[in-house]
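Take a look at the structure set out below.
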Amino acid sequence: MMEMKLKEKNLLSLQKTAARIGLFGVGYDKYWEQFPGLLEELMHKHEVILQKFSDNKVTVIDFGMVDNPARAYTVVKELEAANLDMVFCNMLTYATSGTFGIIIKTLSIPVVLVALQPLKALDYSKASTYMQLANDDICSLPEFAGVAVRMGKSVPDVIIGTLHDDLQVEAQIAEYCRISKVLHDLKNAQLGHLGHPINAMLDMHTDATMLTSMFGCHVVECEANELMSCYEQISEEEIIKEESRILDFFDTPDPVSDPISMKLQKSDLRVAARVSVALKNFVQKKELHGLAYYYDGAANSELRSVMSNLIVGNSLLTAIGFPMCGESDMKTLVALLLMDRLGIGGSFAEFHPVDFNEGFVLVGHDGPHNISIAEGKPVLRSLKKYHGKPGNGAGVEFKIKEGPITMLSITSTYDGRFKFVIAEGESVKGPIPPTGNTNTRGFFKPDIRTFLARWISEGPTHHFALGIGHHAKTIEKVAKYLNIESVIIRQE
């Protein structure tokens, strides 16, 4: 598939380190002498649960059994030193909250309680105290929740179910592993910023220090001449190879109704290919994990040509996990990174005209897009002008995959914090404008007028990240773990 074809192992800046998850079990040391074999049985259960997390491509560090307060005071230092993104407390049997209190008090990362009972039900005809203790996974959950509150923390999330053949549990573990990847990459990301927001777009401006404060990422301020220097070093052989690669990924149909669009011109393909190689070299040299950009350059200059033709190269990079967005929108760049690490795509988008006859709104944008979530083969057209921006050249056009979609706008509030505005809808098949821009038909409940009014009432930016599937609740959890306000637009 396209995702596999786009993979380029030599892009060191795109390599992601695995999220780091800690797992420790809790029990009650008084039981071990009273019930021989119980500890060994519980630790076998612990190994089974450990494997469930390891299967989700995260690094799992096992801190063993915590069965008394003294052990908890030792383990909490080990947890702090392990540079973890998330911690899971494995409720193996009843445990006093002294095994947990200092841990929840000390850690500043998310803690999730896991209670997976080996038996779906006790065999009541053969039930014993031993059998009960081996299946007492939920017994301490209320105690641990109450102690978390007394320690000044929120009640931890819980995973409750059975140890074997529980699809709901498997889905929850997978979700938390994806969330841990988001948290890991946000706090380790080097996000490039080249240029400035388009003048007068007041919703776009972002305090780089606040991005570090709220997400942990570092903003790398880049210069246009650095990219230009990479552009000037590209060989003819590299250009020809990239042209072939681009034509393999994109269709280049004849123009339809928009007079500013044309069939892809050879000259535009050449510029797009040269810029694409330069961009790839630039982000690798700067060791970036994402880039937001907007830069005019002098009229009729080669620099302006380069800066206005990043669209194709950006789209190819975004599809392999390197989010990029135009108009220098740093907040939406974070939203794109978040969606990518959740495995749901993430394409730069805004609202376009409404279809009041069929009750949908066109969702899309000009510029770079995540072609890994395109419906069918994406299209390249030559554009005589980029509306509202200088320059001309190749434009990317596609429709997002049909089915459920999720939108995330990261906006700024009056008090200088961030806010997540989240919504779910449906991408439905149908014609889109042949304008060399991305669009999809977005249907939202209860109806398009009501939805748009509710979305706008939350004070979003005009840009947002668009992903596939319904993942509002997962994104809401990410916001909670980041201590960021969030709202999901209601559908009733």
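The values are calculated or read from the model by the stated rules, or taken from the named source; none is laboratory data. All values derive from a computational prediction rather than experimental measurement. Here the Cβ is made from the backbone with ideal geometry for all residues, glycine too, and neighbour counts use every protein chain on show.
Annotations
- Selection of the range 212-252 for residues being touching a Pro at 6+ places or on another chain (Cβ under 8 Å) and either assigned to a loop (DSSP other than H, G, I, E, B) or surrounded by 16 or more Cβ atoms within 10 Å (Cβ to Cβ) (or both) yields Phe249, Phe250.
- Total residues in the range 181-233, condition of a type in the set (Phe, Trp, Tyr) and outside the structural domain of Tyr295 (by TED's automatic domain parsing): 0
Yes or no, residue by residue, for (1) within 27 Å of Gly467 (Cβ to Cβ); (2) more than 17 Å from the chain's Cα centre (by Cα); (3) without any contact (Cβ under 8 Å) to a residue 12 or more places away in the chain:
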| site | (1), (2), (3) |
| --- | --- |
| Tyr295 | no, yes, no |
| Leu303 | no, yes, no |
| Leu316 | yes, yes, no |
| Leu333 | yes, no, no |
| Arg341 | yes, no, no |
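Each row is one residue, and each column tells you yes or no for (1) in a strand (DSSP E or B); (2) in contact with a strand residue (DSSP E or B) (Cβ under 9 Å, 6 or more places away or on another chain); (3) modelled with pLDDT of 95 or more; (4) among the charged types (D, E, K, R).
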residue	(1), (2), (3), (4)
Lys5	no, no, no, yes
Phe24	yes, yes, yes, no
Tyr31	no, no, yes, no
Glu41	no, no, yes, yes
Lys45	no, yes, yes, yes
Met65	yes, yes, yes, no
Lys77	no, no, yes, yes
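- Checked against the criterion of being in contact (Cβ under 8 Å) with a residue 40 or more places away in the chain and either within 20 Å of Lys477 (Cα to Cα) or in contact with a helix residue (DSSP H, G or I) (Cβ under 9 Å, 6 or more places away or on another chain) (or both), the candidates Val169, Val149 yield just one match: Val169.
- The set of residues in the range 306-321 that are in contact with a helix residue (DSSP H, G or I) (Cβ under 6 Å, 6 or more places away or on another chain) and over 30 Å from Thr17 (Cβ atoms) comprises Val306, Asn309.
- Scanning the range 44-68 for residues that are surrounded by fewer than 15 Cβ atoms within 10 Å (Cβ to Cβ) and over 30 Å from Gly343 (Cβ atoms) yields a total of 2.
- Residue check, Thr438 hydroxyl-bearing (Ser, Thr, Tyr) and crowded, with 23+ Cβ neighbours inside 10 Å: yes
- Boolean, Asp415 is out of contact with any Lys or Arg (no Cβ under 8 Å at 6 or more places or on another chain) and modelled with pLDDT under 95: yes
- Which listed residue is crowded, with 17+ Cβ neighbours inside 10 Å and closer than 26 Å to Asp55 by Cβ, from Lys187, Lys181: Lys181
- Pro323 vs. criteria in contact with a Leu (Cβ under 9 Å, 6 or more places away or on another chain) and without any contact (Cβ under 8 Å) to a residue 12 or more places away in the chain: no
- Top-ranked residue of the range 402-420 - restricted to ones that are β-branched (Val, Ile, Thr) and buried (at least 23 other Cβ atoms within 10 Å of the Cβ), ranked as farthest from Leu336 (Cα to Cα): Ile405
- Close Cβ contacts (under 9 Å, 6 or more residues apart or on different chains) running from residues in the range 33-44 that are within 13 Å of Asn135 (Cα to Cα) and outside the structural domain of Met131 (by TED's automatic domain parsing) to residues that are assigned to a helix (DSSP H, G or I) and hydrophobic (A, V, I, L, M, F, W, C) are absent.
- Considering (1) free of Cβ contacts under 8 Å to residues at least 60 places away in the same chain; (2) over 30 Å from Met214 (Cα atoms); (3) surrounded by fewer than 16 Cβ atoms within 10 Å (Cβ to Cβ), the lone condition that Lys399 does not fulfil carries the number (3).
- Check on Met330, closer than 24 Å to Val478 by Cα and touching a Gly at 6+ places or on another chain (Cβ under 8 Å): no
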